[in-house]
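J.: Here it is, the structure, as structure tokens.
The values are calculated or read from the model by the stated rules, or taken from the named source; none is laboratory data. Every value quoted in this text rests on a predicted model; they were computed, and no experiment measured them. FYI the Cβ positions are ideal-geometry reconstructions off the backbone, even for glycines, and counts take in every protein chain you see.
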Number of protein chains: 2
Amino acid sequence: MAVTLADVAARAGVSSATVSRVLNGNYPVAGSTRERVQRAVEDLDYVVNGQARGLAAATSDLVGVLVNDVADPFFGLIASAVQAEISDPSAPGGGKLAVVCNTGGSPEAELTYLTLLERQRAAGVVITGGAVEGAEHSAAVAARLARLAESGTRIVLCGRPPLEQPAMEIPVTTVAFDNRGGARRLTEHLLSLGHRRIGYVAGPADRTTTRHRLEGHRAALADHALPSTGPAVDRLTVHGPYDRSSGYDAALELLRREPALTAVIAANDTVALGVCAAVRDQGLSIPDDVSVAGFDDLPFSVDTAPALTTVRIPLQEAGARAGRLVMGRQAPPPGGLATIRTELMVRASTARPRAGSA
Amino acid sequence: MAVTLADVAARAGVSSATVSRVLNGNYPVAGSTRERVQRAVEDLDYVVNGQARGLAAATSDLVGVLVNDVADPFFGLIASAVQAEISDPSAPGGGKLAVVCNTGGSPEAELTYLTLLERQRAAGVVITGGAVEGAEHSAAVAARLARLAESGTRIVLCGRPPLEQPAMEIPVTTVAFDNRGGARRLTEHLLSLGHRRIGYVAGPADRTTTRHRLEGHRAALADHALPSTGPAVDRLTVHGPYDRSSGYDAALELLRREPALTAVIAANDTVALGVCAAVRDQGLSIPDDVSVAGFDDLPFSVDTAPALTTVRIPLQEAGARAGRLVMGRQAPPPGGLATIRTELMVRASTARPRAGSA
DNA sequence: CTGTTAGCGCATTCAC
DNA sequence: GTGAATGCGCTAACAG
């Protein structure tokens, strides 16, 4: 069916070995024969068979990118940056293809996709987003990663903490986000405005990202000598998935539990949109009655009304870096861990609470 | 290095052919030997080599998904739906991996990625988003698609018109969007509210999507006996890329050209965000001074303030359908073309123009 | 039902 | 510099 190396060789009057050499350009070949081969390639519209090449040379043009969901801008931005970086044909080892896998945050799906990528002998894997906490699952993932790493697959974690103790031998590079610090500065901002009754809409309960952001929040509360543990705080905390409707429901619940709430922090910007909608639907104004803040600084956050106060994560830069690392094009950071700074973006959705309401 | 079929065979005391058979389950194998093999597979943690399998069986687990940019929610939603659909392991032929390629709308990049996917002998390719108009490029793409189709790669176009005349022999299924009809209904909505001076921020000049939406807009104008061609209309039309800043700049330009503008239609919702920002920055109110409308109904559009009037495209459904088609899991529509309906979503960003201003 | 035998298309020793 | 031979790991006839 398709034209093969042998066809090209026949047409150029050389052996297939020679064709292979000019194609890969890593062996000396006489200029004249090289030209003849190249012409034959063009004449026949020859396209190498990646599978055969991969099998023979034990290489692969694929890089896996695990995300919760590419439709979520948070992951879309990272995936886009990774893809752009690895496919750059001018870079050494470039021209790789990105295999995007939606795990939906499910540990099982994560393992399934890692196996699928191992099956393809992927050149690298970038795992993005927070991890599900739990020893069993961590161990299972670590085991798969160990196998992958052993077979030469480069592994980069992006937006997730490094592997835990027993798995630290595995050569994995991590690009982590400073979720804790960002959350802390965000809460400090609200506290300094005078807020004291702050609702917190956290993400799914067993995720590292959720925990870190919550820890930052509570650290800020503790700094201000406010209760940071116990029922008083738990009462103002609601968990839910990372979507708009979750934010909507959570905000209603928080307002029910504490009608005198003056501020709400959301797990991320998408959730914050739902919170805003709920607050408005209750006839309350933002930020006059209730301040609202998000996390991530997704592109739309500057265009909500009022513009959303949030914590910026340079997702694009982080993804690009992860892409370079997984290509081995950039030296890993010391200790294999780079922590990306986050930045508080103060906008119009947060303000001082009404006089007398604090 | 890695454990192979032969290793499993040795361990199970059978031939490698038998192992292959139980793995693929398409040949009768005795229950007892099957169990023995399966145990060996587990013991050795065997994972098939996809490249070798693909080479031997002339198959592939990859499906290419060409998008402008996955970070753009429009494409992210489609890509996500395609991915989910093709990776479903329970479906026949399922468990495929999605190779996401950002073309940035560039014809050259599109061709490059199609070649890369041909190299991988992809099982299918989904090409999303509007096409660049132009005979040369269309022909080049058609040629590549013909080669791909001939080699058994299923091809689906999603959000782009079908192939033109000379290439119609190529077996390609198209899931098109009714951009023209949607744009027409949107403009009719504004006209019926009483708007007569409507600015139009169009997308990049040489894209099918841009043209179709513009055509729908002008058809509506013509229906109302308003000028639909010529300098009067051109004056109220500005072209630009599909991003926020483009919308911002375009809105300023339109307001400069026609300060008495009462409405602006944007190429899509992202552009509309920029338009809204510009309008507000000019001290004008939406919709009291100027109505603004978008296109696509991206998730954030319901949460802008005021909520954006727009034309909904069921991107998720379209992507899922494209995914099923590319897997051959759903019969192609008659004529190979399915046109997805679009729906006008009237929200708060459009209203009657100020009395006397019409 | 199962083992044997050939390739799939290419990279890569090893000779020349 | 170039060709011939071997094998990557697996599937698919072909026998039995």
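J.: I'm checking my understanding of the structure. Among residues of the range B:293-313 that are within 10 Å of chain A (Cβ to nearest Cβ) and closer than 11 Å to residue B:73 by Cα, which one is surrounded by the most Cβ atoms within 10 Å (Cβ to Cβ)?
T.: Residue satisfying both the conditions and the ranking: B:298.
J.: Mind counting the residues in the range B:205-240 that are surrounded by fewer than 21 Cβ atoms within 10 Å (Cβ to Cβ), among the basic types (Lys, Arg) and not in a helix (DSSP H, G or I)?
T.: The total comes to 1.
So that you can scan it fast, the table gives a plain yes or no per residue for (1) near DNA strand C (Cβ under 9 Å from one of its atoms); (2) over 18 Å from residue A:320 (Cα atoms):
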{"position": "A:3", "(1), (2)": "yes, yes"}
{"position": "A:19", "(1), (2)": "yes, yes"}
{"position": "A:36", "(1), (2)": "no, yes"}
{"position": "A:50", "(1), (2)": "yes, yes"}
{"position": "A:60", "(1), (2)": "no, yes"}
{"position": "A:64", "(1), (2)": "no, no"}
{"position": "A:77", "(1), (2)": "no, no"}
{"position": "A:90", "(1), (2)": "no, no"}
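J.: Something else: With the condition being within 13 Å of chain A (Cβ to nearest Cβ), of a type in the set (Val, Ile, Thr) and touching a residue at least 40 places away in the same chain (Cβ under 8 Å), I'd like the helices (runs of 4 or more DSSP H) fully within the range B:14-93 carrying at least 1 qualifying residues.
T.: B:73-87
J.: Which number in (1) surrounded by 16 or more Cβ atoms within 10 Å (Cβ to Cβ); (2) more than 16 Å from DNA strand D (Cβ to nearest atom) marks the one condition that residue A:45 misses?
T.: (1)
J.: Which members of the range A:40-91 meet the condition of being outside the structural domain of residue A:155 (by TED's automatic domain parsing) and of a type in the set (Phe, Trp, Tyr)?
T.: Answer for the range A:40-91, where residues must be outside the structural domain of residue A:155 (by TED's automatic domain parsing) and of a type in the set (Phe, Trp, Tyr): just A:46.
Yes/no per residue for (1) hydrophobic (A, V, I, L, M, F, W, C); (2) more than 11 Å from DNA strand D (Cβ to nearest atom):
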site	(1), (2)
A:3	yes, yes
A:8	yes, yes
A:12	yes, no
A:17	yes, no
A:20	no, no
A:30	yes, no
A:33	no, no
A:39	no, yes
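J.: Of the residues that make up the range A:332-339, is at least one touching a helix residue (DSSP H, G or I) at 6+ places or on another chain (Cβ under 9 Å), surrounded by fewer than 18 Cβ atoms within 10 Å (Cβ to Cβ) and within 14 Å of chain B (Cβ to nearest Cβ)?
T.: no
J.: Answer with yes or no whether residue A:56 is away from DNA strand D (no atom under 11 Å from the Cβ) and either surrounded by 17 or more Cβ atoms within 10 Å (Cβ to Cβ) or modelled with pLDDT of 95 or more (or both).
T.: When the stated conditions are applied, residue A:56 does not pass them.
J.: For the range B:166-176, check the following and say yes or no: at least one residue is farther than 19 Å from residue B:340 by Cβ, assigned to a helix (DSSP H, G or I) and outside the structural domain of residue B:297 (by TED's automatic domain parsing).
T.: Yes; the residues of the range B:166-176 include at least one that is farther than 19 Å from residue B:340 by Cβ, assigned to a helix (DSSP H, G or I) and outside the structural domain of residue B:297 (by TED's automatic domain parsing).
J.: Which one of the conditions (1) in a helix (DSSP H, G or I); (2) outside the structural domain of residue B:261 (by TED's automatic domain parsing); (3) of a type in the set (A, V, I, L, M); (4) crowded, with 23+ Cβ neighbours inside 10 Å does residue B:155 fail to meet, given that it meets all the rest?
T.: Here residue B:155 clears every test but (1).
J.: Could you tell me which of the residues A:188, A:150 is touching a residue at least 12 places away in the same chain (Cβ under 8 Å) and acidic (Asp, Glu)?
T.: Only one candidate passes the filter, namely A:188.
J.: Separate question: Step by step: first the residues of the range B:94-132, then only those that are part of a strand (DSSP E or B), β-branched (Val, Ile, Thr) and over 18 Å from residue A:80 (Cβ atoms), then the one that is farthest from the other protein chains (Cβ to nearest Cβ). Which residue is that?
T.: B:132
J.: Right, another one. Can you tell me which residues in the range A:251-287 are in a helix (DSSP H, G or I) and touching a helix residue (DSSP H, G or I) at 6+ places or on another chain (Cβ under 7 Å)?
T.: Answer for the range A:251-287, where residues must be in a helix (DSSP H, G or I) and touching a helix residue (DSSP H, G or I) at 6+ places or on another chain (Cβ under 7 Å): A:251, A:252, A:269, A:270, A:271, A:272, A:273, A:274, A:275, A:277, A:278, A:279.
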